[in-house]
1. Where in chain B are the helices, taken as whole DSSP H runs, whose Cα atoms extend 24 angstrom or more along the long axis and whose Kyte-Doolittle mean reaches at least -0.5?
2. Give the average over all directions of the projected area of the C-alpha convex hull of the stretch B:93-146, one decimal, in nm².
3. Can you give me the relative contact order of chain A as a percent, contacts being Cα pairs under 8 Å and 6 or more apart?
4. Between the chain alone and the structure with every protein chain in place, find the residues of the stretch A:23-40 that drop at least 50 Å² of accessible area; heavy atoms, 1.4 Å probe.
5. Relative to the Cα centre, what is the charge dipole magnitude of the stretch B:81-232, using +1 at the beta carbon of each Lys and Arg, -1 at the beta carbon of each Asp and Glu, and rounding to the nearest 20 debye?
6. Taking the convex hull of the alpha carbon atoms in the stretch B:36-92, what volume per residue do you get, in Å³?
7. Rounded to two decimals, what is the ratio between the C-alpha radius of gyration of the stretch A:115-207 and 2.2 N^0.38 Å?
8. Compute log10 of I(q)/I(0) for the stretch B:21-125 with the Debye formula, placing one identical point scatterer on every Cα and leaving out solvent, at q = 0.15, 0.25 Å⁻¹, to two decimals.
Amino acid sequence: MADTIDRTALQQFLLRMGDNTLILGHRVSEWCGHAPVLEEDIALANTALDLIGQTQLWLDYAAEVEGAGRSADDLAFLRDVWDFRNVLLVELPNGDFGQTLMRQFLYDAWASIMLGRLQKSADERVREIAEKAAKENAYHVERSADTVVGLGDGTEESHRRMQAALDYLYPYVGELFESDATDAAMVEAGVAPDPAGLREDYDALVGRVMADATLRLPEKAYVHRGGRSGTMHTEHLGHLLCTMQWLQRAYPGCRW
Amino acid sequence: MYAQMVKSTGKGVKTREEMSEDERAFQDKIDADTKIEPRDWMPEEYRKTLVRQIGQHAHSEIVGQLPEGNWITRAPTLERKMILLAKVQDEAGHGLYLYAAAETLGVSRDEMTEDLLSGKMKYSSIFNYPTLTWADMGAVGWLVDGAAIMNQVPLQRTSYGPYSRAMIRICKEESFHQRQGYDIMMKMAQGSPEQKRMAQDALNRFWYPSLMMFGPSDADSVHSAQSMAWKIKINTNDELRQKFVDQTVPQAEYLGLSIPDPDLKWNAERGHYDFTEPDWQEFFDVIKGNGPCNTERLGDRTRAWEEGRWVREGLMAHANKRAARIAAE
């Protein structure tokens, strides 16, 4: 890591990466034992496991950069809503299996492009984490894309449900490509790309998969924002944290 | 293993004179430790008993995800959450191996699932108990997986080839499960007063249900005698229960926890611990559907199956469309 880098911006960037995987991993883990078919139970647990593993790496580094003596667990289990930096998309409820897999694909497609770019980061740690995460993501995006196609181009009911999921989730996609001062600092330091620059590849990938799935992308979707900046999360995040952080909050300072 | 009270012929073991020529040749192979494979001739009752036993074991792995899934979203650290996810993922994988083994005997996974949901097939009584504190994740790994291992290790030598191979893969993963459970108990037993209280409470609640996992005494059971002659059961329930108690008591002592049995004591003459039998009336109540969580467990599985129907149908329809498109090209 370069000495001249804006450490606050770097820490914010790392929280954005780690909070996305933490909150999405948590949401996916809520499925445990309730999937439509055994293979999906295995795949969902595996996806959640990968995402929580990536969280550990991002938040470890975020805690180090912060330099306040906090650990990745402290960041995960002892922050309140306003300090989380994940995009709103990942904190939305699971809904039915179709909504869960649609959300997964919309995230995986972004992650596949983002992690590809981050493998060229000027920051060695970021590069290493991205390399590991990209291998896992390659499998995730293949599976979520296949499932979206299978269900979109399946029965009338599965098509209808997948279109409803896409209509509901798509307004939350735009936030992934918003740029602010933190992003500008990361671009300046060569740590991470400008999020807006990922949009073209993303649209091409998502457009291809939705065409195969016979699903229609909403035109001119509104953009819900506020997660990455922490200015306004959804009401859902607080409830998620109530569950996730309960033991650490109820019995502070214990070793588990 | 998670199979309890599996019925076989109910008629007792035939003598060689009573056996047909096929049956004699079959028994000779078993006695010589030659594995029986799916295409080999086998008595119909052997096949049916195996379907019941492997199916019950598979269902137990699937339902067994639920008591632990209950704590995945509340795991106290990122590492604990990952370990628990990996464990539950393993269990679903074990279910998959076992259903695949049962399918070689001519019954489909969907048929077995329907039988589970209708109550025709059972799963282990242990999964009808609730997981109330984080220490229960420790107790489940330490005691429940510990009891399962007792039965699964000998079953690696079972006579049916696909079942034996599934058990070999499963056993490799189960010992990791038990270790992580004991590790949680260790942290809790060495932790704050509240954590110690959770650990002791978990042991209190899971001790007798764990002893019940082996099933009631089958020393005089004609079903077990037949299963043992066929080598689809290797030890009696009492042998395994004793082995489990003998192994677990020193582990509890090391943790500084008390086994909830005032009459538990070392019997030097027998070279084993004497212990109190579980309340078998409670066991039969649980088996009949009256355990603390039977309604929730089967309700969860039924909901997953029914709410997932559109997904299975959608994916199937897509696969058919794709196959038709490829055929048309």
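The values are calculated or read from the model by the stated rules, or taken from the named source; none is laboratory data. Note that the structure is a prediction, hence the values are computed from the model and not measured. A quick note on method: Cβ atoms are made from the backbone with ideal geometry, for glycine too, and the neighbour counts reach across all protein chains shown. Keep in mind that these areas ignore ligands, DNA and RNA; they rest on the heavy atoms of the full protein, side chains included. Shrake-Rupley method; radii C 1.70, N 1.55, O 1.52, S 1.80 Å.
1. Values: long enough: B:44-63 (28 Å, -0.85); B:78-103 (37 Å, 0.08); B:161-189 (42 Å, -0.64); B:193-212 (30 Å, -0.94); B:237-255 (27 Å, -1.02); B:309-328 (28 Å, -0.41).
Result, helices passing both filters: B:78-103, B:309-328.
2. On the way: hull surface 19.2 nm².
Projected over every direction and averaged, the Cα hull of the stretch B:93-146 covers 4.8 nm².
3. Values: 354 pairs, mean separation 64.0, N = 256.
Over chain A, the number comes to 25 percent.
4. Flagged in the stretch A:23-40: A:29, A:32, A:33, A:34, A:36, A:38.
5. Working: 15 positive and 16 negative charges, 85 e Å.
The dipole of the stretch B:81-232 has a size of about 400 debye.
6. Values: hull volume 4.2 nm³, N = 57.
Looking at the stretch B:36-92, the number lands at 74 Å³ per residue.
7. Values: Rg = 16.3 Å, N = 93, 2.2 N^0.38 = 12.3 Å.
Dividing the Cα Rg of the stretch A:115-207 by 2.2 N^0.38 Å gives 1.32.
8. -0.72, -1.24
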